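Read through the structure below, which is laid out as structure tokens, and then see the notes.
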Ligand SMILES: NC(=O)c1ccc[n+]([C@@H]2O[C@H](COP(=O)([O-])OP(=O)(O)OC[C@H]3O[C@@H](n4cnc5c(N)ncnc54)[C@H](O)[C@@H]3O)[C@@H](O)[C@H]2O)c1
């Protein structure tokens, strides 16, 4: 069972510092002259010192003055800020976001060291550009934006070839692979091969947050065709234009890819990303006990949501052991919604020791309303959360969200439906007005009966929640798919609510200097630490225990003062610090489960002997930080 006092009390003092101190090691290269300037992994542009220019055949290929890394940094940021200033009045926000993405992407394609440095230092500004929400726009416009390939592409046409194809990738070592089949990109549906933007964005977050070395990451698109007719009809679509593979044919492609990459890079961790629900669950079941993998939509999202739910209980002024009594309505029974409920049930079971009653306060809805055991063709993954007739009182199979919220009076309303504005439904409440006209003292001679209507907003029903501080989590991405906006939530459900969204929103101002805090409940707070912890422990698998440890560490990161202000997640500015803590929690959980095989010179015994503090230091020490390395030519 959980030791709850330890859970909150064991928070170490957090540090927001960056990890910048390591002296860069020399980098051995096989190139010379012009070829170096076209390789963004090693290009320093005008930053090559004269000695290096002489040694590497660069003399005369660059303007004579050497510009330092810091000067290059300032110059880039100035041009970025001037773009921001010049587009301040622009009403087409998508065009502005894409312009910002382009300027960053161009930098990446020239000079990765500088790109990752500006990304790390300005993560709060740049995460919404390279990650959600702008990455969604990028995927939607990918055929027009495509310039230079990033990552690898494996298609149904490569069957039988993958084992040799993996050797086309230039890096000797790969630590982390993010893989998608493009079938469910954010809440935007099947974007086929254009979904490659997602693994790229996730891996950029890995570098920024977890300090993975960008030369050891690999974004992968598995092109198993697309069912998106618009893409099939688009002459500029970059993928195969046939209906998606299904069944054994589909699985055989994934099997072959996995075998190929693990043959060349046996220690690589594989993160599955944005697979449609049936394949998300099927691949998780198929692979999670065979190698070190996890599905971020199912497991990462679940951890972030659990951390937020635990924070909500604290924000309500209740002790954590009240968590099993929280009534939680989850809207969306896809990979993300079901993942959240599974982890919440595990947490309740761990707290109460009673598996059979764990799901009784959770209510699950999909596009057809409340899910009960009476549902025809009930998805097997949803069975544990479907309400049995005796459990639901006045509720019925298929009841609408409004009815459920009204009758259940939940403490938390959590959306993972991928449908923008689904919490915004309005309802007409009839009001019966009796007008009694009185003549001559108590003599009633006429009664009039008037019916009128009063419009209520769905989230307004959260005012009747059983909690003094109800919570609304509108977690769907990108921004336009959020179940409601922050402004709507605070306006209709009250200023006292706790609010979180998957994509960023500004805090909401109420006047008199008061404002409602907007949390970003996004799996970026967890997946970098899960991947890093799995890597540095040398774990054979990613287990539920490791995921739970990650979520608990994220939850306990918040101070009581922050929680009382409705702040459930830390500022993204300290994402490296959070990731180090989460990564260390994952390493310790792997050690506790005797799954840690060690990493490089750090063996399993060494890991097992580390204290909590030493584990955090070990994780920090292994974070890469962008600096120009001296380049040495291979003879
Ligand atoms: N914030 C995060 O960290 C995070 C992480 C993962 C996924 N997400 C977001 O969650 C959303 C869903 O992802 P998924 O993988 O579960 O998708 P999915 O397609 O597997 O599932 C969507 C679910 O929503 C239900 N739904 C659709 N319309 C509905 C409606 N009007 N009312 C109620 N339910 C409705 C569907 O029936 C389905 O059960 C996406 O927008 C995704 O971007 C956010």
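The values are calculated or read from the model by the stated rules, or taken from the named source; none is laboratory data. Keep in mind the model is a prediction, meaning the values are calculated, not measured. Note that each Cβ is placed from the backbone with ideal geometry, even for glycine, and that neighbours are counted across all protein chains shown.
The condition of being at negative phi, within 16 Å of the ligand (Cβ to nearest atom) and touching a strand residue (DSSP E or B) at 6+ places or on another chain (Cβ under 9 Å) does not hold for residue 465. Residues in the stretch 387-401: is at least one in contact with a helix residue (DSSP H, G or I) (Cβ under 7 Å, 6 or more places away or on another chain), surrounded by 20 or more Cβ atoms within 10 Å (Cβ to Cβ) and in contact (Cβ under 8 Å) with a residue 24 or more places away in the chain? For the stretch 387-401, residues in contact with a helix residue (DSSP H, G or I) (Cβ under 7 Å, 6 or more places away or on another chain), surrounded by 20 or more Cβ atoms within 10 Å (Cβ to Cβ) and in contact (Cβ under 8 Å) with a residue 24 or more places away in the chain: present.
Answer with yes or no whether residue 78 is over 27 Å from residue 269 (Cβ atoms) and at pLDDT below 95. Judged against the criteria, residue 78 is not a match.
The rows are residues; the columns are (1) closer than 16 Å to residue 330 by Cα; (2) within 14 Å of the ligand (Cβ to nearest atom).
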position	(1), (2)
370	yes, yes
375	no, yes
381	yes, yes
385	yes, yes
392	yes, no
400	yes, yes
408	yes, no
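Which members of the stretch 129-143 meet the condition of being at pLDDT 95 or above and over 18 Å from residue 274 (Cβ atoms)? Scanning the stretch 129-143 gives a single hit, 129.
So residue 339 passes all but one of these: (1) in contact with a helix residue (DSSP H, G or I) (Cβ under 6 Å, 6 or more places away or on another chain); (2) under 21 Å from residue 474 (Cβ atoms); (3) assigned to a loop (DSSP other than H, G, I, E, B). Which condition number does it fail? It fails just one condition, (3).
Residues in the stretch 143-160 include at least one that is away from the ligand (no atom under 16 Å from the Cβ), surrounded by 23 or more Cβ atoms within 10 Å (Cβ to Cβ) and farther than 21 Å from residue 336 by Cα.
Can you tell me which residues in the stretch 493-514 are away from the ligand (no atom under 15 Å from the Cβ) and farther than 24 Å from residue 318 by Cβ? Let's see the steps before the verdict.
The initial filter retains those residues of the stretch 493-514 that are away from the ligand (no atom under 15 Å from the Cβ), namely 493-498, 506-514.
Passing the criteria: 506, 507, 508, 509, 510, 511, 512, 513.
Residue pairs whose Cβ atoms lie under 7 Å apart, sitting 6 or more positions apart in sequence or on different chains, and linking a residue in the stretch 323-345 that is free of Cβ contacts under 8 Å to residues at least 12 places away in the same chain and closer than 21 Å to residue 552 by Cβ to a partner that is within 12 Å of the ligand (Cβ to nearest atom) and part of a strand (DSSP E or B), do not occur here.
Restricting to the stretch 467-496, and then to whatever is assigned to a strand (DSSP E or B) and under 15 Å from the mean Cα position of the chain (by Cα), can you tell me which residue is surrounded by the fewest Cβ atoms within 10 Å (Cβ to Cβ)? Among them, the one singled out is 473. Restricted to the stretch 270-301, and to residues there that are away from the ligand (no atom under 16 Å from the Cβ) and crowded, with 19+ Cβ neighbours inside 10 Å, the residue that is farthest from residue 544 (Cα to Cα) is 270. Which helices (runs of 4 or more DSSP H) sit wholly inside the stretch 562-635 and have at least 2 residues that are at pLDDT 95 or above and surrounded by 20 or more Cβ atoms within 10 Å (Cβ to Cβ)? Per the criteria, 575-592, 612-621.
When residues in the stretch 135-149 are screened for being touching a residue at least 24 places away in the same chain (Cβ under 8 Å) and either part of a helix (DSSP H, G or I) or within 16 Å of residue 220 (Cβ to Cβ) (or both), 10 of them pass.
Among the criteria (1) modelled with pLDDT of 95 or more; (2) more than 30 Å from residue 540 (Cβ to Cβ); (3) away from the ligand (no atom under 16 Å from the Cβ), the one residue 227 does not fulfil is (3). Return yes when residue 307 is under 20 Å from residue 562 (Cα atoms) and modelled with pLDDT of 95 or more and no when it is not. It is true that residue 307 is under 20 Å from residue 562 (Cα atoms) and modelled with pLDDT of 95 or more.
Okay, residues lined up against (1) assigned to a helix (DSSP H, G or I); (2) touching a residue at least 40 places away in the same chain (Cβ under 8 Å):
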| residue | (1), (2) |
| --- | --- |
| 248 | yes, no |
| 251 | yes, no |
| 263 | yes, yes |
| 271 | no, yes |
| 278 | yes, no |
| 297 | yes, yes |
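Among the residues of the stretch 302-333, those that are part of a loop (DSSP other than H, G, I, E, B) and more than 16 Å from the ligand (Cβ to nearest atom) comprise 316, 317, 318, 319, 326, 327. The condition of being surrounded by fewer than 19 Cβ atoms within 10 Å (Cβ to Cβ), closer than 28 Å to residue 220 by Cβ and within 16 Å of the ligand (Cβ to nearest atom) does not hold for residue 267. When the test is whether a residue is over 17 Å from residue 288 (Cβ atoms) and in contact (Cβ under 8 Å) with a residue 12 or more places away in the chain, residue 544 does not pass it. Screening the candidates 529, 538 for the property of being at positive phi and touching a residue at least 40 places away in the same chain (Cβ under 8 Å) yields one hit, 538.
If you go through the stretch 66-110 and pick out every residue that is out of contact with any helix residue (DSSP H, G or I) (no Cβ under 7 Å at 6 or more places or on another chain) and part of a loop (DSSP other than H, G, I, E, B), you end up with 4. Could you grab me the full set of residues in the stretch 344-368 that are within 16 Å of the ligand (Cβ to nearest atom) and crowded, with 16+ Cβ neighbours inside 10 Å? Answer for the stretch 344-368, where residues must be within 16 Å of the ligand (Cβ to nearest atom) and crowded, with 16+ Cβ neighbours inside 10 Å: 344, 362, 363, 364, 365, 366.
Among the residues of the stretch 497-515 satisfying the criterion of being part of a loop (DSSP other than H, G, I, E, B) and in contact (Cβ under 8 Å) with a residue 24 or more places away in the chain, which is nearest to the chain's Cα centre (by Cα)? Looking at the filtered set, the residue picked out is 502.
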